Structure formats: structure tokens, C-alpha cells
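The values are calculated or read from the model by the stated rules, or taken from the named source; none is laboratory data. Keep in mind that this is a model prediction, so the values were computed, not measured. Here the Cβ positions follow ideal geometry from the backbone for every residue, glycine too, while neighbour counts run over all protein chains shown.
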Amino acid sequence: MTKGIIIKNAYAMALLDAKNTVLKDASLLIEGNEIKKIYTKEESGEIENLAASGEYKLIDAAHNLVLPGFVNTHHHFYQIFTRNIPKMQDEKLFDWLIDLYDVWALLDEEWVRWSTLAALGELALTGCTATTDHHYVFPKGGERFIDTQFAAAEQIGMRFHATRGSMSRSKKDGGLPPDSVVQTEEDIMLDCERLINKYHDTSKHSMRKVALAPCSPFSVTPKLLEETAKFARTKKVKMHTHLCETNDEDDYCLKVYKLRPVDFMESVGWLGPDVWFAHSIYVNDAEIERMGKLGTGVAHCPSSNLRLGSGIAPVPKMLAHGVPVGIAVDGSASNDSSDMLGELRMALLVHRVGTGVSSMPAFDVFKMGCQHGARILDFNTSGEIAAGKAADIIMYDLDSIGYVGALHDPLSSILFAGFNHRVNYNITNGKIIVEKGVLKTFDERSIVENGNRIAERIVNRKYIDIKR
Ligand SMILES: [Zn+2]
């Protein structure tokens, strides 16, 4: 057993502190699951002595950019096996959902286990050290899906904030999902309590948290939203849902509740620092201001929003009003990827079209991808390199053709240049989960083989018409 890890002599080390410090030739000492000390170039003698002690695992970072790991603030892991189905390639959100609900109704234990491993593997390999998942489909027999996810997250070694999603309002009650995937509100609340008691950990560098996450205003009842808010606040856990993703949702809320989505959510107790919404594209200026004042967070999912033609969220305005905005790959059937660095690049590019080329500087993207994400998921010791913070570190090897000529600004080079988003190293909670580009905690080949086998089984079993 070694005492920890020394990342030695980094080509560039981006701390992502308030001053955007990027150190040249610095080293990093990790002990246990914590960052112990940053050694500047001038202090390299000290780190040489420690390295010579033989008590630490040494990583040579001479060609590497070292930075805090990314935090993914919204996902639906189970969707991995329904990526890129031809029929759903060009559908808008509501049609896409209605077609896919029938497939997702077949969800089973094996599907949840391997899709979780696939999502976490892809996330880890593309720079993510902490993630959430919004799981809201619980057909009969699926009562332990979240437990399965926690077990998979432990195997991969990812910091994981699970959300206990829910759907209680099916077609017959004016909602969108079919009857077979909704649960009674009593069952939902009992399971929320069970999961919080079993997994929610509030220790300093917690690896496990639980939030409560009814799926959306059009798949649960106002009563469930209200009860969820009350219960979450009693238990001091966070709340999450989809909000303001499309114009159709605006129309739905105005028709059914006579309120715009944000007003409706406020009426059921769903605004505050303990809430984060996915998407938030169709929010007006007054709503953004309110969300900023109350510290309500947003998971920004630019690829999914472009993929479904939903729109571009007004993120620069949100940041200006103090809204915590994290970045998220969203469910893999609407991206259709869990490429975390790719999502940061998308966030860099998309706003330049809508609000001007200077509206989204690279540093703002990194702040969202790391610190804001960590704050939203309540992993408050992640997202920055500093002594005492969690040892969640990623490294990119810049000594390759994709970065040639782009090293004038090493941190931003991975957003503006590069075609391979695979990290060289991913260290999460002081443990190496990716080494030299290889996932160390699980066999990547077995994920590929089992995943493709299950994806094929799902489509065959359903006999769904996957053609366009
Ligand atoms: Zn989503």
C-alpha cells in the first residue's frame, strides 16, 4: 500500500481557482482521498525527496494538462442502449418520449446494471469524476434499480449522486407516460425514504448522495411535487427535475395549471438552493433573476438541446444573475453520447451563435463543468485543485497531433483543439480509475460486448419498428 500519489512536474496545472491560476512545472501530492499540497516549480526539491521515499505512486506529468475532474449534472444511464434508433433520430421531445416510453417499459435489472457501467465508463474516460443520474422508470420488478446503480458506481469508482425519479401520472390521468411505467405515490415516497436512509452520506468527501426527482411537470401530480419538497427538506436532500425544456411544456403548464412552468414549480415549493433543474431553455428574464436570487441551479445540456431541436438555454444571462449552472450530457438517447469533454466544448460553442462570440469564454465553461457542477451535486470539496479538497483530478496528454500549435493556452487547448476526448488519467477520490487511457476498474471490452448484446435483445424483444 502506498501513502498516496505524486503527480510530478506537470506541463500545466490548472487550479480553477478564482484567479484562474495555471502553474507550469508544478507537482501535486495526494494522500488518501485528499489533495495534500501543491508544489510549485521552485519547491521541486521537496517533491523529489518525497518521490525518492518510495512511499508514493509516481505519475510523470511532463506532457500533461492537470485539472480538476468534471462534474456531470444530468443523465439517464438506462437510455444508453436506446441510442441512435433510426425512427427517433429526427423527432421532437414529446414524440421522441412517447415512442421511447414503450421500449423503456421493458427495463430490467441486467439492462440497468450494464447501462450504468457503460455510462460511468464513458464518463470516466472523458474526464468526469462525479455524476448524477436521473432514473425515473420503475416497471414491475424494478424496485432495486437505484441499488444496482450504486453498486455499479462503486465498481467504477465514480462519485455518484443518485436521484430517485418518479412518474405517477400516466396517459389516463392526463400525463404523457403509459400506465406500465408509473407507480403509486405511496410506493414512490416509501422508496425515497429507504434510499436516503441506506445511501445518503454527508461526510466531507462523500461518494454517495441521494436526491428526489419527480420526472417532470407532465408526468407527476402537483401533490407528489409538494410532498416531495416537504420530505426532501425534512431529510435535507436535494431535489431535481426537468423544467422548461420545450415550448410544448410551456403550453402544457399554461393549459393544465394556468401557470408558466417556473411559477408552477414555485407554487409547489420547488424553488430554492436545494433545487436544480435540467435544461431551463424557456425561462424569461424575471424567472432567471428569481432563480439567481434563490440559488436554484441548472443542468445545461447543449448537445441534447440541439439534438432534439429544443433550443439554446440563456446561460450567459443565468451566469450574470448568479444562477449556478452545471454542464450535463443528458440521457444518452438524446445526445447520443456520454462524452463529458465533448459537452464542455459544445457549451463553449453554442452560445457564440445565439449571444455573440464573447458570451462564453473558455474559463466560464470550465467553472461550470467543475465548480458549479460540484456545488449543484453537493460534492463541495470537488471542482478545484487546492489543499484539503477531494482528490478528483484528470490529466490530458497534450503531446499529440490534436494539440499541435494549440499550446499557447494549455487549459483552453482541450476545448478549442483535440479530437480524442479520452483522458490520460482519471483519479477519483484518490484512486486511479483511468491509467494511460485505460479504464482500470472494469473491463471495457466486457461493457462493449454485454451492452451490444442487451441493446439487440431489447429491440428484438419489443419488435419495435425502428425504421424511420
Ligand atoms: Zn433528461
Quiz item: Looking at residue 137, is it more than 30 Å from residue 435 (Cβ to Cβ), buried (at least 22 other Cβ atoms within 10 Å of the Cβ) and in contact with a helix residue (DSSP H, G or I) (Cβ under 6 Å, 6 or more places away or on another chain)?
Solution: yes
Quiz item: Where residues in the range 230-259 are among the β-branched types (Val, Ile, Thr) and touching a Phe, Trp or Tyr at 6+ places or on another chain (Cβ under 9 Å), which of them is nearest to the ligand (Cβ to nearest atom)?
Solution: 241
Exercise. Kindly list, by first and then second residue, each pair from a residue in the range 54-81 that is over 30 Å from residue 110 (Cβ atoms) and free of Cβ contacts under 8 Å to residues at least 24 places away in the same chain to a residue that is part of a loop (DSSP other than H, G, I, E, B) and of a type in the set (S, T, N, Q), limited to pairs with Cβ atoms under 9 Å and residues at least 6 apart or on different chains.
Key: 54/2
Practice problem: Return only the number of the condition from (1) within 16 Å of the ligand (Cβ to nearest atom); (2) farther than 19 Å from residue 246 by Cα that residue 392 does not satisfy. | Solution: (1)
Self-check item: Single match in 112, 137 (criterion: modelled with pLDDT under 95 and hydrophobic (A, V, I, L, M, F, W, C))
Solution: 137
Exercise. Considering each of 446, 400 in turn, give the residue that is small (Gly, Ala, Ser) and outside the structural domain of residue 36 (by TED's automatic domain parsing).
Key: 446
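Condition check ((1) at pLDDT below 95; (2) in contact with a Ser or Thr (Cβ under 7 Å, 6 or more places away or on another chain); (3) assigned by TED's automatic domain parsing to the domain that holds residue 292) across all residues:
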{"site": "345", "(1), (2), (3)": "no, no, yes"}
{"site": "348", "(1), (2), (3)": "no, no, yes"}
{"site": "353", "(1), (2), (3)": "yes, no, yes"}
{"site": "357", "(1), (2), (3)": "no, no, yes"}
{"site": "368", "(1), (2), (3)": "no, no, yes"}
{"site": "391", "(1), (2), (3)": "no, no, no"}
Quiz item: Of the residues that sit in the range 302-327 and are within 15 Å of the ligand (Cβ to nearest atom) and not in a loop (DSSP other than H, G, I, E, B), which one is nearest to residue 380 (Cα to Cα)?
Solution: 326
Self-check item: helices (runs of 4 or more DSSP H) contained entirely in the range 339-442, each with at least 2 residues that are surrounded by fewer than 16 Cβ atoms within 10 Å (Cβ to Cβ)
Solution: 340-355
Quiz item: Can you find even one residue in the range 212-222 that is crowded, with 18+ Cβ neighbours inside 10 Å, of a type in the set (A, V, I, L, M) and modelled with pLDDT under 95?
Solution: yes
Quiz item: List, please: which pairs have Cβ atoms under 7 Å, are six or more places apart or on different chains, and start with a residue in the range 241-254 that is without any contact (Cβ under 8 Å) to a residue 24 or more places away in the chain and over 27 Å from residue 377 (Cβ atoms) and end with one that is more than 12 Å from the ligand (Cβ to nearest atom) and not in a helix (DSSP H, G or I)?
Solution: 254/260
Self-check item: Among the candidates 333, 286, 299, 278, residue that is assigned to a helix (DSSP H, G or I), within 12 Å of the ligand (Cβ to nearest atom) and aliphatic (A, V, I, L, M)
Solution: 333
Quiz item: Within the group 286, 299, which residue is in the same structural domain as residue 244 (by TED's automatic domain parsing), of a type in the set (A, V, I, L, M) and closer than 13 Å to residue 239 by Cα?
Solution: 299
